[in-house]
Structures are given as C-alpha cells and as structure tokens.
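Student: Before we start, here is the structure in question, set down as structure tokens.
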Amino acid sequence: QKEVEQDPGPLSVPEGAIVSLNCTYSNSAFQYFMWYRQYSRKGPELLMYTYSSGNKEDGRFTAQVDKSSKYISLFIRDSQPSDSATYLCAMTRYGGSQGNLIFGKGTKLSVKP
Amino acid sequence: KAGVTQTPRYLIKTRGQQVTLSCSPISGHRSVSWYQQTPGQGLQFLFEYFSETQRNKGNFPGRFSGRQFSNSRSEMNVSTLELGDSALYLCASSLGADRGLQEKLFFGSGTQLSVL
C-alpha cells in the first residue's frame, strides 16, 4: 500500500461547480498537509497548508484534514476554467525540512466553460 | 523577484551517458531540493541541500548525486543513464532557516529529461 493515495481522475466539471479532491494516507505520524496545483509544463505551486486536523479557508479554496480517518480534502467553490490543472496532495511528519514531503500522484481537473 | 530557474528546459540523452542539471533558487533562499516526477511514480524526493551540505536524501541509487554552491545554486548529476530515468526533474527552494515549521516550497518549471 502506498503511503499516500490519490485518485488520478481525470475529473471534468462545468464552470461554477464545486470540486472535491481527496487523498488518503496510511502513516498516522503525518502532521503537515499541503495541496499543490500544477499547470501543464510548470512546477507545482503551493495552494494550501494545514497543520494537524481541521479546516482552512482561503478564498474559493477550503482544505480539510481528518486525521482520525487519515483523509484530506480540497474543495474549490465556483470553479473557473483557470482552475484546470493537476492537484497534488503532499504530507510530512516533520516541520521545516523539505526532504520528507510525500506526494500523491495528482488529480487532473478540467473545468469546462 | 525572480523565481526558481532551471536549465536546460529540455534534454535528450542516450543510455549510459551522464547529465548535469542546474538550479538557481530564489534570491535569499538557502535550501534547494530536487524531485523526480514521472507519470507512474508521481513526485519523488531526491535530496535536499542547505548551506552547501546535503541535509536529506531520498531513496534513489547512488547514480543520482547533487551539490550546492556557496551562492546556493545547485546542480544534480545522473551518471550511467537508464531508460527509466526519463522524467521531469524539479528543483524547489525555500528559506531553509526554520526547521520547526513546514516552509513554503517554490518550484521551478523543471527539466524534462528523455533517455533514448
């Protein structure tokens, strides 16, 4: 079993829809959870960062972490064609050091006008 | 402020050759990490350098190596290339100063390596 599982999609939704992206993980020691967005032929960019359990909201984006279920989610409200990208979840046990980020394989999202 | 710069953007090599990729971090960033991205395995951590020292290493064979210079620029080298080394190699930089909190990683656009 991989440490982090993420449905690769592709996921296609109409403009304005609410999008739900999810990851499950097996290592209960993970404490830091991130969502990255990657456009085609670009590097990933950090969207959301959450420490431990709970919710975090930033504009149209909401990240949720449920450590008891080992499940994290990213919600995108009022989705736009510009949101079309691959979304990667990432997590780690440790703060600071970059070397312990474990990534999901990414979900490809397409938002149709 | 300039972002993370990786060169070259694309590279084609043949099996058995070696390759060197370059990364210039954001000004003021002292930590540079390298990742390999493939469709099959996703993003996998290679190694991290901080102040010219390797601080962390992923689970890759010794053919993969790196170094960091005093100006924080970094290079990674892959020797005796194999077909399976074809991938997007991403470099990411961060301040690297605070080990107590997860820092924001800034990624470059990557070097697409094709091994024939």
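Student: In the list A:Leu21, A:Leu46, which residue meets the criterion of being crowded, with 19+ Cβ neighbours inside 10 Å and either in contact with a Phe, Trp or Tyr (Cβ under 7 Å, 6 or more places away or on another chain) or among the hydroxyl-bearing types (Ser, Thr, Tyr) (or both)?
Tutor: A:Leu21
Student: Please go through (1) out of contact with any Asp or Glu (no Cβ under 7 Å at 6 or more places or on another chain); (2) in a strand (DSSP E or B); (3) surrounded by 21 or more Cβ atoms within 10 Å (Cβ to Cβ) for B:Glu103 and return the number of the only condition it doesn't satisfy.
Tutor: Result: B:Glu103 passes all but (2).
Student: Tell me yes or no: at least one residue of region A:11-32 is among the aliphatic types (A, V, I, L, M), farther than 30 Å from B:Gln54 by Cα and not in a strand (DSSP E or B).
Tutor: Looking through region A:11-32, at least one residue is among the aliphatic types (A, V, I, L, M), farther than 30 Å from B:Gln54 by Cα and not in a strand (DSSP E or B).
Student: Would you mind stating whether A:Asp78 is more than 10 Å from chain B (Cβ to nearest Cβ), of a type in the set (Asp, Glu) and under 14 Å from the mean Cα position of the chain (by Cα)?
Tutor: Against the criterion (more than 10 Å from chain B (Cβ to nearest Cβ), of a type in the set (Asp, Glu) and under 14 Å from the mean Cα position of the chain (by Cα)), A:Asp78 does not qualify.
Student: Let me ask something additional. I'd like the residue in region A:99-113 that is closer than 14 Å to A:Trp35 by Cβ and of a type in the set (A, V, I, L, M, F, W, C) and, out of all such residues, is farthest from the other protein chains (Cβ to nearest Cβ).
Tutor: Filtering first and then ranking leaves A:Leu109.
Student: Give the residue, chosen from A:Glu57, A:Glu15, A:Glu3, that is among the charged types (D, E, K, R), exposed (fewer than 15 other Cβ atoms within 10 Å of the Cβ) and within 14 Å of chain B (Cβ to nearest Cβ).
Tutor: The conditions single out A:Glu3.
Student: Sticking with this one: Looking at A:Tyr39, A:Tyr94 in this structure, which one is touching a helix residue (DSSP H, G or I) at 6+ places or on another chain (Cβ under 8 Å) and more than 13 Å from B:Leu105 (Cα to Cα)?
Tutor: On inspection, the qualifying residue turns out to be A:Tyr94.
Any read-out appearing in this document is the output of simple, stated calculations on the displayed coordinates, not a laboratory observation. Everything numeric here is computed off the predicted structure, so don't read it as measured data. Glycine also receives a Cβ, built like all others from the backbone with ideal geometry; neighbour counts cover every protein chain displayed.
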